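Structure, as structure tokens:
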Amino acid sequence: MARRQKRFEVLEQRPIHKDGFIKEWVEVGLVAMDSPNDPAAGIKIQGGKVVELDGKRREDFDMIDYWIADHYIDTAVAEEAMGLDSLKFARMLVDIDVPRCEIIRLSVGMTPAKILEVLKKLNVVELMMAMQKLRPRRTPSNQAHVTNLKDTPALLAADAAEAAYRGFSEVETTVGVVRYAPMNALSITLGSQVGRPGVIAQCAVEEALELAMGMRGLTHYAETVSVYGTEQVFIDGDDTPWSKAFLASAYASRGLKMRYTSGTGSEVQMGYAEGKSMLYLEIRCVMVTKAAGVQGLQNGSISCIGVPGAVPAGIRAVLAENVATVLTDLEVASGNDQTFTHSSIRNTARMLMQFLPGTDLIFSGYSSVPNYDNMFAGSTHDCDDYDDYLVLQRDLQIDGGLRPVTEEKVIEVRNRAARALQAVFEELSLPPVTDEEVEAATYAHGSKDMPDRNVPEDLRAIDEMMKRGTTALDIVRALAKHGFRQEAETMLNMLKQKISGDYLHTSAIFDENMHVISAVNDANDYQGPGTGYRLEGARWDILKDIPMAIDPEDI
């Protein structure tokens, strides 16, 4: 056996060697941004109708081509937009003298191949520059995952309260056991309002149940309605762009904020990439979303991140798909919500591309729980990384959506959330949340610190709760009856927001006073130094005041 060089032996033990990598494999679509099978950009319009799209005649269109041609392309600007040199338009994306509104006006006249051509001109730094200018909402924000291995309601409520108090604008849960969904939704919706009024919640499960929970006021938004870039993947999912648009309208008509989900690599993972590049197919998904009238998109590869992460320039393509989303004036929840590497260096590098320029929601799921409790398969960052994240914000003077907190206040909000849930369970005749569970949830790191519940009893009670038509109004009444007046008023105000519909605008979130902040009243006005969102003033005073910093007065 040949003698080994010791440095190579040491390197092979590094975590990065546990990751999977593959050379480009065009035939199956394992290519990030530049497949020889990607079509050339082009369009032909006759009588106000698109009759040719990226070299394909109308009679040869698949369902996605039809949807994009008839519902995305603005034929009034298509000739102008398609006639622009792609390099010139790429430079417009990073030119501080070209306002965002001009970019958005032209983007809806471009075909998928044209936008691909443009994005390929930009390196990673330039893509971040484009993101800083193009995100719809001026103020960046963040979303948290709140789940646990046991579907323990008291812990869900406490974790949601802490996540809300730490600064997340949205919280999302899912289930280990599907029938737990209504109880999980109830738990995080209530818990989040204890932590900070105005945080919106969702429970990611099967779409009919998710819609039913939203109509009952147990959730406020949805984002796990998936769209795809090839026809066969749509067909395998028993879906079409039309059926997805119908579902989106069902959510919106009931006052539920709505995003689609897509991501580079999904078509490869499902075996129908047609030899096209991942980014080209993802741009088609972005256009399907825009054409449906949906206010935003969760992308950034999401649950397929291992696929682009394995090929050259794959993580660049992930950032490019986020930019493609804001380029078309959609809110972006920009991924970072599933881990893809054993390397902490690589993990942080992937996150920084959204963290540095800021996006509408930098994470579409920062794990507010330990990795073992994350039922979304683990995020790039979790609750054990909070202090590192706060220091990054402080080091770089960047607003990543979180704020420093004190241990005493976190204990307080966790305990109040668990006690509020205890009262609601009592009033709704659900299996009791015991004092032992309240105490454990207050101080727990994760579900390993929680007592077990009687799962069959919980599931029977959940079924009965749903059969008797329990809604968020019942939760409001229970909270008010048991002395949680402030939380009752907040829950009621969230229901009123569904009626007014103000948070259905693009990039809408609530501040702590429950005022809507969106692309309408907080439009991104970045045009170079001295413009756009700046971390300064009172907000900067809060973010730089981390508990670990020594106060000179104490010396």
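Each value in this text was obtained by applying a stated rule to the coordinates, not by laboratory testing. Everything numeric in this text was worked out from a predicted model, so none of it was measured. We place every Cβ from the backbone using ideal geometry, glycine too, and count neighbours over all the protein chains shown.
This ranking places Cys304, Cys285, Cys101 by how few other beta-carbon atoms lie within 10 Å of each, fewest first, which gives Cys101, Cys304, Cys285. Less than 5 angstrom separates the built amide H of Gln295 from those of Met258, all sequence-distant by 5 or more or on a different chain. For the chain, the mean residue ellipticity at 222 nm estimated from helices alone is -13000 deg cm²/dmol, where every DSSP H run of n ≥ 4 contributes -39500 (n - 2.57) and the total is divided by all residues, rounded to the nearest 500.
Considering only Met450, Ile462, Ser429, the residue lying farthest towards the positive end of the dipole of the range 408-466 is Met450, judged by Cα position with unit charges set on Cβ. The distance separating the Cα centre of the range 135-156 from that of the range 291-307 comes to 17 Å. Among 387-393, 53-59, sorting by the average number of other beta carbon atoms lying within 10 angstrom of each residue, highest first, gives 387-393, 53-59.
Near Lys49, which lysines are there with a Cα under 24 Å away, not counting those fewer than 8 places off in the same chain? Of all the lysines, those that pass the test against Lys49 - Cα under 24 Å, at least 8 places apart if same chain - are Lys114, Lys244, Lys290. The DSSP beta bridges internal to the chain are antiparallel in roughly 30% of cases.
The alpha-carbon of Lys23 sits under 16 angstrom from the alpha-carbons of these lysines, leaving out residues fewer than 8 places away in its chain: Lys276. Take the Cβ atoms of Asp387 and Glu464, set R0 to 51 Å, and the FRET efficiency comes out at 0.75. For Lys133, the aspartates and glutamates whose Cα comes closer than 19 Å to its Cα, not counting residues fewer than 8 places off in the same chain, are Asp95, Asp97, Glu102, Glu321, Asp329, Glu331, Asp360, Asp399, Asp522, Asp525, Glu536.
Remark: the chain carries a charge dipole of roughly 680 debye about the Cα centre, counting +1 on each Lys and Arg Cβ and -1 on each Asp and Glu Cβ. Can you give me the angle between helix 181-195 and the longest principal axis of the chain, using Cα atoms only, in degrees from 0 to 90, rounded to the nearest 10? The answer is roughly 80 degrees.
Working from Cα positions, state the angle (0 to 90°, nearest 10) between the long axis of helix 314-327 and the longest principal axis of the chain. Long axis of 314-327 versus the principal axis of the chain: about 90 degrees.
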